[in-house]
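Visitor: This is the structure, below, for whatever I ask next.
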Amino acid sequence: MIPPDHPRYRSLVTRERLAECARSGIVAMEGLTAHGRGEAFDYLIGERTTASALLAEQTAAAMLMTARRPVISVNGNTAALAAHEIAGLQAASGALVEVNLFHRTEDRVARIENLLREAGAEVFSGEAERLLPLSHDRAWCRREGMFSADVIIVPLEDGDRCEALVAMGKKVIAVDLNPLSRTAQRATLTIVDELTRALPEITRACRELSAADRERLLSATDNHYLLSEAIREMTMRLSHALD
Ligand code: PTJ
């Protein structure tokens, strides 16, 4: 039992949730270490949405709202942390929700799809094929889903799929607390923010941005600037850590 007055209550409850989801086969065991890495970077940005992350979230909303075939890619960690937020983003953006896993088994796919449906998402499922140019199991996706997407959001990604999707001509939005990761560096747009803070902001922006706002955000998109701002925030916090 985690006491609500514990100073790290939210973090501990989240860890407990992930551990429970690992035991029930939703989160891969490796997902627990991925979460730990994310937490470390979250400390460095002060566990808050920075101004540059908010700009990235609004830009992500503009990209999703102007896409022809937007897709939200969901893995085990994302489903465990934010199934309701995924459903909310889908309702606001009209994007398809599709499960895509690195540690892929049919059993995990089915469990994650059920969890998303219970949270109110409409999941694009059915026959998957090995369609992406990757030697691992993230290659499995649906022809009318991820394979045909023009804009795809990939929270907590693990590397080369992002690069493959960009090479296929897709716009890729990454949500990754590590601005140095391969995914963060290769994405069209990187949101350096914690997933459960980022998704509601994207959803809000999908509902609130005017056509002119979207146009302005899209024409000013600069991922190099967003990444360097995230690194600057972290460096600043480190250099003032003991002040
Ligand atoms: O469910 P599967 O089988 O598809 O596997 C999913 C994992 C997460 C295990 C897989 O994608 C993986 O190994 O990912 P990585 O390479 O550890 O990358 C995950 C990235 O997400 C890291 O850079 C973390 O810093 C970041 N991250 C972790 N938790 C969060 C996060 N970013 C935002 N919000 C978080 N809550």
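The values are calculated or read from the model by the stated rules, or taken from the named source; none is laboratory data. Values in this document were obtained by computation on a predicted structure and should not be read as measured data. Every residue, glycine among them, receives a Cβ derived from its backbone with ideal geometry; neighbour counts consider all protein chains shown. Surface accessibility is based on the protein's heavy atoms, side chains included, excluding ligands, DNA and RNA. Shrake-Rupley method; radii C 1.70, N 1.55, O 1.52, S 1.80 Å.
Visitor: For region 51-241, how big is the tail of P(r) above 19 Å, as a whole percent of Cα pairs? Don't skip to the end; give the middle numbers.
Guide: Values: 10141 of 18145 pairs.
Distances greater than 19 Å cover 56 percent of the Cα pairs.
Visitor: State, to one decimal in nm, how far the label point of R10 lies from the label point of T235, with both points 7 Å from Cα in the Cβ direction.
Guide: It is 2.7 nm.
Visitor: Now, a different point. When ligands, DNA and RNA are left out and all protein chains stay put, how many square angstrom of accessible area per residue does region 51-241 have with a 1.4 Å probe?
Guide: Numbers: 8030 Å² over 191 residues.
Per-residue accessible area for region 51-241 comes out at 42 Å².
Visitor: While we're looking at this one, here's another question. How much accessible surface area, in Å² rounded to 10, belongs to the heavy atoms of M168 with a 1.4 Å probe?
Guide: The value for M168 is about 70 Å².
Visitor: In region 51-241, what percentage of the DSSP-assigned beta bridges are antiparallel, given to the nearest 5? Don't skip to the end; give the middle numbers.
Guide: Numbers: 2 of 18 bridges.
Just about 10 percent of them are antiparallel.
Visitor: Using a 1.4 angstrom probe on the protein heavy atoms only, line up Y9, Y43 by accessible area, largest first. Show your work: numbers first, answer last.
Guide: On the way: Y9 85, Y43 130 Å².
These residues rank, largest area first, as Y43, Y9.
Visitor: Just subtract the alpha-carbon distance of D243 and A110 from 0.36 nm times their residue separation and send over the number in nm, one decimal. Let's see the in-between values first.
Guide: Details: separation 133, 0.36 × 133 = 47.88 nm, distance 4.98 nm.
Value of the extension gain: 42.9 nm.
Visitor: When Lys and Arg each count +1 and Asp and Glu each count -1, what net charge do the other residues less than 14 Å away from R111, Cβ to Cβ, add up to? If you can, show how the numbers build up before the last one.
Guide: Values: positive: R23, R104, R108, R117; negative: E20, E106, D107, E113, E118.
Local net charge: -1.
Visitor: For the chain, which whole percent of the accessible surface, found with a 1.4 angstrom probe, sits on carbon and sulfur atoms? Walk me through the numbers before you get to the answer.
Guide: Working: 6120 of 11490 Å².
Answer for the chain is 53 percent, counting heavy atoms of protein chains only.
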